[in-house]
Amino acid sequence: MKPVYLDYAATTPTDERVLAAMLPYFTQHFGNPSSLYSFGRETRRAVALARRQVAELLGASPEEIFFTSGGSESDNWLIKGVAAARGRGHIVTTAVEHHAVLRACASLPTDRFSVTYLPVDAKGRVAPEDVEAALRPDTILVSIMMANNEVGTIEPIAAIGAICRQQGILFHTDAVQAAGHLPIDVQQLQVDALSLSGHKLYGPKGIGALYLRRGLAVSPLICGGEQERSQRAGTENVPGIVGLGRAAGLAQQEMPAETERLLSLRTRLLQGVQVIPGVRLNGDAQQRLPGNVNLAISGVDQETLLIRLDLMGFAVSAGSACSAGSLEPSHVLLAMGQSPDEARSALRITLGRFTTEADVDAFTASLCQAVAEIRRTS
C-alpha cells in the first residue's frame, strides 16, 4: 500500500502548478531583481505579480506585503520590530500561540517589556473580553493567532481587532495555518499585521510574508541592502516568491470548493472513529480549520500509536511538527485545561488537497485496529 500523508498542518506538498511557475526562475529568469538591466527587470516584474497575488488573498494592498523566509521570521520581525520601534511597553498574547510568537516575546528584555499570556477555554478559544481587560495604558501590541496549529480552533479575530482598533493598539495575527484555508480580509478583521508561510498552502518551503498596514512603524529585523523597500535586507528568493504568489492565487480560486470537500472528509473521518471507546475531539467542533482533526484516545500510549500507524503506512502526528521529538505534553492542550496524561493522548490528523475518501476510510480502519491491538497488549 502506498503511504498516506495526513499531516498537512505540518507541511504541504508543493502543488505541481506552483512548481511549474517556479522552475523558469531557477535557470531562465535568474536575474537579481535589484539590477537595472533586462534580467533584473523581468524578475522584478515577477516579484511584483506575486506581491499582488498575496495581497489579493488577504484583501490588502501590494505595498503592504513584505516577503520573508517563512512564518517564524514574520512573527519574530513583527514582535521584535515593534519592540525596537517603541523601546518599552506591554504585550498581550495567549498561552496557545506558536512557539515563534511565545519565544519571541520571551526574548525581549524584561526590564523594558512585560508580557501577558491570556488563558483559553477548554476548546482553545480566547475570550475577546479577556483581551480587553488585559489592555493597559502602556500596551503596545496584541498578538493572537487566527487558527491553532494543533487543535485547529479558530479564534475570534474580528472581535479582538475591533477592540484593538478602538483603543489604538497594534494588532497582529499569526495566520500561518489559516492563510489559504480560511477567507481573510485584513480590513474587515481590523488586523494591523499578519504572518503567513508558503509551505502551509502548497507553496515551497523557505518563503513567507508579513502584511504590515500602511504607515506602521516597525524596525527591520534583518539589515543590509535596500530590498523590500528597505525593510528586509537580502537578495530576494525569486523562485520562492513566485511560488508563494502562485500558491496564493490557486488557494483564493479553489478555497470554496476545497473547504466543502474537506468538511465532508472530516465528517467521514469523525464518524469512522466513533466506534473507538474513549475517543473524543480536542478543540472546537464547529469553529475549527476544515481539515483539522485532533483526537484524544484514552489509555493508549501516544508514541506507540504513532509508530504503529507509521508502520501501517499513515503519516500523522501528536501535535506541532515544530515540537516533534519533545517528551513534554502539548502546551496547547495543557492551556486548555487538560492534565499532562490527557495531553499526551492526542493524535493530530490533518487532511489536505490530495486526501481522498479512500485515504480516510483506510486510515479509520487502521486506527481502530491499532488502538484495539495496543489495548490488548498493554
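The values are calculated or read from the model by the stated rules, or taken from the named source; none is laboratory data. Source: prediction; values computed, not measured. Positions of Cβ are generated from backbone atoms using ideal geometry, with glycine treated the same way; all protein chains shown enter the neighbour counts. Side chains are part of the model used for accessible areas, which takes the heavy atoms of the whole protein and leaves out ligands, DNA and RNA. Shrake-Rupley method; radii C 1.70, N 1.55, O 1.52, S 1.80 Å.
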Task: Selected residue (only one of LEU250, LEU289 is within 25 Å of ALA55 (Cα to Cα), modelled with pLDDT of 95 or more and surrounded by fewer than 23 Cβ atoms within 10 Å (Cβ to Cβ)) - done: LEU250
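Quick one: count up the residues across the range 201-243 that are farther than 14 Å from LEU58 by Cβ and within 17 Å of the chain's Cα centre (by Cα).
The first filter runs over the range 201-243 and keeps only residues farther than 14 Å from LEU58 by Cβ, leaving 202-207, 215-243.
From what's left, within 17 Å of the chain's Cα centre (by Cα): 202-207.
The total comes to 6.
Considering only the range 1-59, give the helices (runs of 4 or more DSSP H) lying wholly within it that have at least 2 residues that are touching an Asp or Glu at 6+ places or on another chain (Cβ under 9 Å), free of Cβ contacts under 8 Å to residues at least 24 places away in the same chain and buried (at least 20 other Cβ atoms within 10 Å of the Cβ). Full working, then the answer.
Working: elements: 16-22, 24-27, 38-58.
Per the criteria, no element qualifies.
Which of the residues that make up the range 106-138 are in a loop (DSSP other than H, G, I, E, B), without any contact (Cβ under 8 Å) to a residue 40 or more places away in the chain and of a type in the set (A, V, I, L, M, F, W, C)?
Pass one, the range 106-138, residues in a loop (DSSP other than H, G, I, E, B): 107-112, 119-127, 135-138.
Imposing the further condition that a residue be without any contact (Cβ under 8 Å) to a residue 40 or more places away in the chain reduces the set to 107-112, 126-127, 137.
LEU108, VAL126, ALA127, listed by residue number.
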Task: ALA104 on the phi < 0 side of the Ramachandran plot and in contact with a helix residue (DSSP H, G or I) (Cβ under 7 Å, 6 or more places away or on another chain) - done: yes
- [ ] Could you list all residues from the range 260-286 that are open to solvent by less than 50 Å² (accessible area, probe 1.4 Å), part of a loop (DSSP other than H, G, I, E, B) and either free of Cβ contacts under 8 Å to residues at least 60 places away in the same chain or within 20 Å of LYS123 (Cβ to Cβ) (or both)?
- [x] GLY278, ASN282, GLY283, ASP284
Open item on the list: Of everything in the range 353-378, what is over 22 Å from GLY278 (Cβ atoms) and crowded, with 20+ Cβ neighbours inside 10 Å? Give them in sequence order.
Closed with: THR355
TODO: Could you grab me the full set of residues in the range 333-361 that are touching a helix residue (DSSP H, G or I) at 6+ places or on another chain (Cβ under 6 Å), farther than 30 Å from MET255 by Cβ and modelled with pLDDT of 95 or more?
DONE: LEU334
- [ ] Give the range 292-314 a look and list any residue that's more than 13 Å from ALA346 (Cβ to Cβ), aliphatic (A, V, I, L, M) and crowded, with 19+ Cβ neighbours inside 10 Å, or say none.
- [x] LEU309
TODO: Any residue in the range 294-313 that's touching a residue at least 60 places away in the same chain (Cβ under 8 Å) and more than 14 Å from VAL273 (Cα to Cα): show its pairings with residues that are of a type in the set (Lys, Arg) and open to solvent by 50 Å² or more (accessible area, probe 1.4 Å) at Cβ separation under 9 Å, as long as the two are six or more apart or on different chains.
DONE: GLY299/ARG375; VAL300/ARG375; ASP301/ARG344; GLY313/LYS2
TODO: Kindly check whether there is at least one residue in the range 244-260 that is in contact with a Gly (Cβ under 9 Å, 6 or more places away or on another chain), within 17 Å of TRP77 (Cα to Cα) and among the polar types (S, T, N, Q).
DONE: no
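Within the range 339-352, restricting attention to residues that are assigned to a loop (DSSP other than H, G, I, E, B) and open to solvent by 40 Å² or more (accessible area, probe 1.4 Å), which residue is nearest to GLY152 (Cα to Cα)?
ARG344
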Open item on the list: Considering only the range 236-255, I want to know if a residue exists there that is in a loop (DSSP other than H, G, I, E, B) and not basic (Lys, Arg).
Closed with: yes
Task: Evaluation of ILE79 against (1) β-branched (Val, Ile, Thr); (2) surrounded by fewer than 24 Cβ atoms within 10 Å (Cβ to Cβ); (3) farther than 21 Å from LEU289 by Cβ (one fails), failing number - done: (2)
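Can GLY70 be described as out of contact with any strand residue (DSSP E or B) (no Cβ under 8 Å at 6 or more places or on another chain), closer than 21 Å to GLN231 by Cβ and crowded, with 20+ Cβ neighbours inside 10 Å?
On the way: out of contact with any strand residue (DSSP E or B) (no Cβ under 8 Å at 6 or more places or on another chain): no; closer than 21 Å to GLN231 by Cβ: yes; crowded, with 20+ Cβ neighbours inside 10 Å: yes.
Here the answer is no, as GLY70 does not meet what is asked.
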Task: Leading residue by the ranking (nearest to SER298 (Cα to Cα)) among those in the range 354-378 that are touching a residue at least 12 places away in the same chain (Cβ under 8 Å), of a type in the set (Val, Ile, Thr) and part of a helix (DSSP H, G or I) - done: VAL371
